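To start, the structure under review is shown below, and the notes come after it.
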Amino acid sequence: MKKFLKTTAAFALGLSLIFGLFSPAQAAPDTSVSNKQNFSTDVIYQIFTDRFSDGNPANNPTGAAFDGTCTNLRLYCGGDWQGIINKINDGYLTGMGITAIWISQPVENIYSIINYSGVNNTAYHGYWARDFKKTNPAYGTIADFQNLIAAAHAKNIKVIIDFAPNHTSPASSDQPSFAENGRLYNNGTLLGGYTNDTQNLFHHNGGTDFSTIENGIYKNLYDLADLNHNNSTVDVYLKDAIKMWLDLGIDGIRMDAVKHMPFGWQKSFMATVNNYKPVFTFGEWFLGVNEVSPENHQFANESGMSLLDFRFAQKVRQVFRDNTDNMYGLKAMLEGSAADYAQVDDQVTFIDNHDMERFHASNANRRKLEQALAFTLTSRGVPAIYYGTEQYMSGGTDPDNRARIPSFSTSTTAYQVIQKLAPLRKSNPAIAYGSTQERWINNDVLIYERKFGGNVAVVAVNRNLNTPASISGLVTSLPQGSYNDVLGGLLNGNALTVGTGGAASNFTLAAGGTAVWQYTTATATPTIGHVGPMMAKPGVTITIDGRGFGSTKGTVYFGTTAVTGANITAWEDTEIKVKIPAVAGGIYNIKIANAAGTESNVYDNFEVLSGDQVSVRFVVNNATTALGQNVYLTGSVSELGNWDPAKAIGPMYNQVVYQYPNWYYDVSVPAGKTIEFKFLKKQGSTVTWEGGSNHTFTAPASGTATINVNWQP
């Protein structure tokens, strides 16, 4: 769904966020945590568990692994799940308007202290896994985790866990005594270690130089023991582990290092999640400043998970923090990302996190941070706020960006900006689901409009901290009337008067000013705002959110296939739950018709899987190519493109696990199904098919497989 509309801006000036009045017809805000598939109405708060609050000193590590003063940021500081529970119960998070928390990976980590260049390091961050089916005792027990889920849900807060299935822990190929040798345990039972890896649980291809995507997938990230996802033991173990956490009641998953795991395996992993207990899932694919990656977009559009929107974050930092780009660059990012991401509203937006310098510098004007927050909270996507941002925490790269939160003050301006804007995601569907339209722009000012049906939010930001902006000629979709700044002047915003045709009266937007004006109204025409998950097999129940569906069951269409009656398990004015019909695998448009037959908009790019999925490595030998020519795979199922060269899988790899002229790729295919396939070579629009008969194989019912064939001339 492309959600950025372009208009011609007659004028230009500073950046300022805008929203307006509530209509009496406004629906009651949705506060439920039952919808685990849709986070468009949520604001996520990312908590580095060890650095938040020590609620139970009894579970703190002992000896050299612990620093209760949190002076040494490479050691444990004592934060735990009980500390998070305490801050949920005392209202700190709910008072800020937070409706979801993203916590550190909860699994058991190594206990070793690793000395790098004379500096001791611990697994306080949660990324050095030892056993994905046990908890990190420094965070708490399984009972503590269940208490965290219960406490969060009681306050209508969803819980997202970090999950890092790319690797275990640091290991050395020739020193088995280093750290814990990357050893992997299955609920306490040793599966194997990095050296003497007779079961091939890990990759042993050296460390990545990040030169290619293939190099990053099949080689180690730094010295981390890189799991071999083509190994059936590893595959089944990781999928069973995530089912365990799903059974414990989690509402979402943040997948670490998705750029560094086989894409086909990750699609099969997401199929496992979506076919079992679907929850909103987003991955981490780092992008640098001004980096735009087609592979990143393709992953988000085809893997079944969303991504952390680094493209958004980097541009916001340039415009609001570093002054290395302007509002035209911000607009271009919004337009470009809306075109490139099939579901741009599902990408998770942020301004900083644990892998980059904090947005705020200790000597910087705080208004920069406050404006960046306001922009993020009112833009498309799912906003995530890094813990302590509301307290103006500063800090450079890891571990300086991971200090203990210094205060839980509720009186900071940043806290109050979040407090005022976060609830709009539930009360105004324009913020959760709306299109984005630039209404007024110059180097320093952006005024943009979010719109969903008759619901409107207008946001104005002037990033120039010294010079006010004279705004004239502004036209919006706001109905005629007067609109107060939702922020109540907190960021020096003003009221807005709108005349006929949406024309706003001339006004001055203060230096560093930000205003938000809004209008909400009932929606008569059925309008879909979100569908989740966007990939699953027939029979799985998906959730459709929006407005104006009515209270009586109508019809849901997957392409031309109509679903009615008992296969629609719930139908409310703002939400529908429906079972995917028994249609062939492929990409479908979804729309609904209400009981009166009035049809909604179309929500596109939904993938119906051919069934449960497994990851299979396809290898073709002796496929020589000309310069610029690459090898692709297609076959008899939709997951392989249904013989369509334009939808073929690839380009395949030929450098690490197998070398040219041999090519390989890990692909998600339907489990237990007999599949025909062939390879082809593509160069531009020229396609050269493999000769001979179709290759045939039967995919395993579970686990993984490798299919190795020769190119047929």
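The values are calculated or read from the model by the stated rules, or taken from the named source; none is laboratory data. Values in this document were obtained by computation on a predicted structure and should not be read as measured data. Please note: Cβ atoms are built from the backbone with ideal geometry, for glycine as well, and neighbour counts cover all protein chains shown. With ligands, DNA and RNA removed, areas are computed over all heavy atoms of the protein, side chains included. Shrake-Rupley method; radii C 1.70, N 1.55, O 1.52, S 1.80 Å.
Picking from residues in the range 393-439 that are closer than 30 Å to Ala123 by Cβ and in a helix (DSSP H, G or I), the one that is most open to solvent (accessible area, probe 1.4 Å) is Asp400. Condition check for Ile542 on (1) surrounded by 17 or more Cβ atoms within 10 Å (Cβ to Cβ); (2) in a helix (DSSP H, G or I): one failure, at (2).
Pairing residues of the range 624-646 that are in a strand (DSSP E or B) with residues that are of a type in the set (Lys, Arg) and open to solvent by less than 30 Å² (accessible area, probe 1.4 Å), at Cβ distances under 9 Å and at least 6 apart in sequence or on separate chains, gives Asn630/Lys681; Val631/Lys681; Tyr632/Lys681; Leu633/Lys678; Thr634/Lys678; Gly635/Lys678. In summary, Val583 fulfils each of the numbered conditions (1) open to solvent by 10 Å² or more (accessible area, probe 1.4 Å); (2) not in a loop (DSSP other than H, G, I, E, B) with the single exception of condition (2). The set of residues in the range 586-616 that are buried (at least 20 other Cβ atoms within 10 Å of the Cβ), over 23 Å from the mean Cα position of the chain (by Cα) and within 21 Å of Thr523 (Cβ to Cβ) comprises Ile592, Asn594, Ser600.
Do you know which of the residues in the range 664-689 that are of a type in the set (D, E, K, R) and over 15 Å from Pro651 (Cβ atoms) is surrounded by the fewest Cβ atoms within 10 Å (Cβ to Cβ)?
Of all residues in the range 664-689, those of a type in the set (D, E, K, R) come to 666, 673, 676, 678, 681-682.
Within this subset, residues satisfying the condition of being over 15 Å from Pro651 (Cβ atoms) are 673, 676, 678.
Working: Lys673: 18, Glu676: 15, Lys678: 23.
By that ranking, first place goes to Glu676.
If I filter the range 500-514 down to residues being within 13 Å of Pro468 (Cβ to Cβ) and of a type in the set (A, V, I, L, M, F, W, C), which single residue comes out as least open to solvent (accessible area, probe 1.4 Å)? Ranking the candidates gives Leu509 first. Once the range 552-576 is narrowed to residues that are over 13 Å from Thr525 (Cα atoms) and of a type in the set (Ser, Thr, Tyr), the residue that is most open to solvent (accessible area, probe 1.4 Å) is Thr560.
Scanning the range 554-580 for residues that are small (Gly, Ala, Ser), assigned to a strand (DSSP E or B) and more than 19 Å from Pro278 (Cα to Cα) gives a single hit, Ala562. The single condition from (1) part of a helix (DSSP H, G or I); (2) open to solvent by 10 Å² or more (accessible area, probe 1.4 Å) that Ala338 fails is (2). The set of residues in the range 460-485 being open to solvent by less than 30 Å² (accessible area, probe 1.4 Å), under 20 Å from Leu424 (Cβ atoms) and in a loop (DSSP other than H, G, I, E, B) consists of Thr476, Leu478, Asp485. Any chance the range 526-534 includes a residue that's of a type in the set (Gly, Ala, Ser), open to solvent by less than 50 Å² (accessible area, probe 1.4 Å) and outside any strand (DSSP E or B)? The answer is no; no qualifying residue exists.
Restricting to the range 650-661, name every residue that is open to solvent by less than 40 Å² (accessible area, probe 1.4 Å) and assigned to a loop (DSSP other than H, G, I, E, B). First the steps, then the outcome.
Step one: filter the range 650-661 for residues open to solvent by less than 40 Å² (accessible area, probe 1.4 Å), giving 650, 652-654, 656, 661.
Within the range 650-661, Gly650, Met652, Asn654, Val656, Pro661 meet the criteria.
Here's the yes/no breakdown for (1) among the polar types (S, T, N, Q); (2) surrounded by 23 or more Cβ atoms within 10 Å (Cβ to Cβ); (3) under 17 Å from Trp128 (Cβ atoms):
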position	(1), (2), (3)
His167	no, yes, yes
Ala171	no, yes, yes
Asp174	no, no, no
Arg183	no, no, yes
Asn205	yes, no, no
